[in-house]
Structures are given as C-alpha cells and as structure tokens.
Amino acid sequence: MKNFTSVTDVSHLNTIIQSALDIKSNPYNDKKLGENKTLGLIFLNPSLRTRLSTQKAAMNLGMNVMVMNMDKEGWALETQEGAIMNHTTVEHIKDAAAVMGEYCDIIGVRSFPKLIDKNEDYSEDFFNKFIKYCGVPVVSLESATLHPLQSLADCITISENEKLIKRISKPKVVLTWAPHIKPLPQAVANSFAEWMCKSDVDFTITHPFGYDLNEKFTSGAKVLIDQNEALKNADYVYVKNWSSYSDYGKILCNDTTWMLTLEKLKLTNQAKVMHCLPVRRNVELSDAILDSPNSLVTQQANNRTWAAQAVLKSILQNLV
Ligand code: CP
C-alpha cells in the first residue's frame, strides 16, 4: 500500500481485516518494522480516538511519532496555486508539505470539510495537494469526504462479532441517519457506505428526505426513507448524523424521533449498535442503548488501533 485515503487503496478487504485481527492478538510482533521510521500526524481539526489510536499503533510498530495541531500550532496554509499571499495565509501547502515530508517517512492528515462549497470539499483539494507535495505516503485521519481508518475499524468489529455466531445468510447492516444540533460532514457515512458496499453484507441506508449521500459511495446499497422499515431484522445498526449533500451542508430535519431507542431496536434482530464517537447522548442515541450490551461503540474505538496498525504495517513493508 502506498497511500491510505479510501477503500480503493486496499487490494483485498478480507486480507487487511485479518491482518488487523492477527495484530490485535499479537500487537508487538512487528516491533522492528518501524525502527528508525517517523510518523507525522497533522491535525487541522480536533480528535481523541484517531490521534491516540494511530500514535499507539505506530508505537507498537516501533516508530517515532510527531504530532502537530496545525490549526493551533502551525502557520495558516494557502492552497491556491499562484496566490498572492498578502492576506491571512502565511505559508503555502507546497512548502509546508514538502518540509514535513523531509522530517517524516509517513504522514497522517486530518482535514475536515468547510461544508460551504460542495465542489471544493469533494475535490479533496487539500489532501491531493498534500500527497502531491509531501513526497511520502499519506494516511487519511479523516478527509473532507471520507474516514477510511474508521470504516476499517468498523469492518473489523463486524467481522469479530460475526465469528461469534452461526448465521445462514449475510448479516443485515443498516446505516441510519440520526439527529444532531450541528451540521456534520458526510465523511463517516460516505466511508461506511463505501466499505459496506464492498463487503459480504446485506446493506441498507435510511435517512429523512433530502439526506441522500453521494451515489459514488452508495452504489449497491438499498436506500429507504422509512426508518422502521429499514430497521426490520437488522443485525447491525450504524447510527450517524450527516448534513445534507444535495442542499450542501444544511440541516433539513430536526425530527427527534429519528434517534435510535430501545423501542426501535425491538424491530431488529437484537441488533448490535455502532457509532464512530464522539456521540451526543440522548440526541443521536439514547443512554439506554449506549449503556446496553448491544452497544459496540467501545469495541469499535479499540479496533481503531488495529486498523491503523494494519495500514501502517502495510505501508512500512512497501517503503524502500
Ligand atoms: N471517530 C473518530 O474519528 O474520533 P475522533 O474524532 O475523536 O478522532
């Protein structure tokens, strides 16, 4: 693997999931692989899980890790080619990325969308320019449109749970929109859809009118506006808010009945409930579900480490 920015960077889904599970059962097996290699983690937005799990993964591989909160500690970056930089930006991405590439063997980048201009966000301009100018492999720590480390951890979590039961047909996985007080990116939902559409599952997405995701990521999924219908016989329910893609970045629905509750869970096949965290309790998901044995949210967060370690291991193995 060269870069890790989407499911398309993974040649075989089951192979990387199994690699992560092997690493989970023996985390220090590759302690020599990352010796004298440096991982740089660049955050333009806040993080708890991504930051800590990726650092832990790198340390398990024997790597050195440097973390920079670009939004607070770095210079304001310019991305426009040919910009006359006489306003607020202080350093051009082509200079900053090139310098960071000199210090690091692999760089992880988190950069959220602005949720103002769909074309700008979906062009992944920042990520693509960073990859172009840094000259070393780049791992997405969540881009404007995708969160592949989260989705890999989610696939690992489903795989672990599937090993515990005997099932005669494919598991039914439902991604349901949930209410939220702020407009959030579509990245987690896009990414989960993209990975589920490549997995051996029966995949349904449910959301209110106006919340269709970009079809590029949902091809092969069943999409329903009726949440109760979608939840019927579900084995896994992934709860996530996202802002509108068509009416870009807007909140179109404030219907609190879209929050998943124990009552709604009765429609399912005693479904396991997933969320990437952070979660707004009793807005997106009820306390009763989050504190119940059905919740997989902590297991998902744990699996972020093994997802990151499998990805870093694969990239390290390809470094010359
Ligand atoms: N799920 C996730 O990416 O969490 P953080 O934003 O805390 O990293």
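Bear in mind that the values in this text are calculations on the coordinates, not laboratory data. What you are looking at is a predicted structure, and each value in this text was computed from that prediction instead of being measured. Ideal geometry is used to build each Cβ from the backbone, glycine not excepted, and the neighbour counts take in all protein chains shown.
When only residues in region 106-119 that are touching a residue at least 12 places away in the same chain (Cβ under 8 Å) and over 18 Å from the mean Cα position of the chain (by Cα) count, which is surrounded by the most Cβ atoms within 10 Å (Cβ to Cβ)?
Ile106
Step by step: first the residues of region 120-149, then only those that are away from the ligand (no atom under 16 Å from the Cβ) and aliphatic (A, V, I, L, M), then the one that is farthest from the chain's Cα centre (by Cα). Which residue is that?
Val136
Filter the helices (runs of 4 or more DSSP H) completely within region 182-240 down to those with at least 1 residues that are within 20 Å of Ile17 (Cα to Cα) and in contact with a Phe, Trp or Tyr (Cβ under 6 Å, 6 or more places away or on another chain).
Numbers: elements: 187-196, 215-218, 227-231.
Fully inside region 182-240 and qualifying: 187-196.
Restrict the check to region 73-81 and report whether at least one residue is in contact (Cβ under 8 Å) with a residue 12 or more places away in the chain, buried (at least 16 other Cβ atoms within 10 Å of the Cβ), within 15 Å of the ligand (Cβ to nearest atom) and among the hydrophobic types (A, V, I, L, M, F, W, C). Lay out the reasoning, then the answer.
The first filter runs over region 73-81 and keeps only residues in contact (Cβ under 8 Å) with a residue 12 or more places away in the chain, leaving 74-79.
If we keep only those that are buried (at least 16 other Cβ atoms within 10 Å of the Cβ) as well, we get 74, 77-78.
Restricting the remaining residues to those that are within 15 Å of the ligand (Cβ to nearest atom) gives none.
No: region 73-81 contains no residue that is in contact (Cβ under 8 Å) with a residue 12 or more places away in the chain, buried (at least 16 other Cβ atoms within 10 Å of the Cβ), within 15 Å of the ligand (Cβ to nearest atom) and among the hydrophobic types (A, V, I, L, M, F, W, C).
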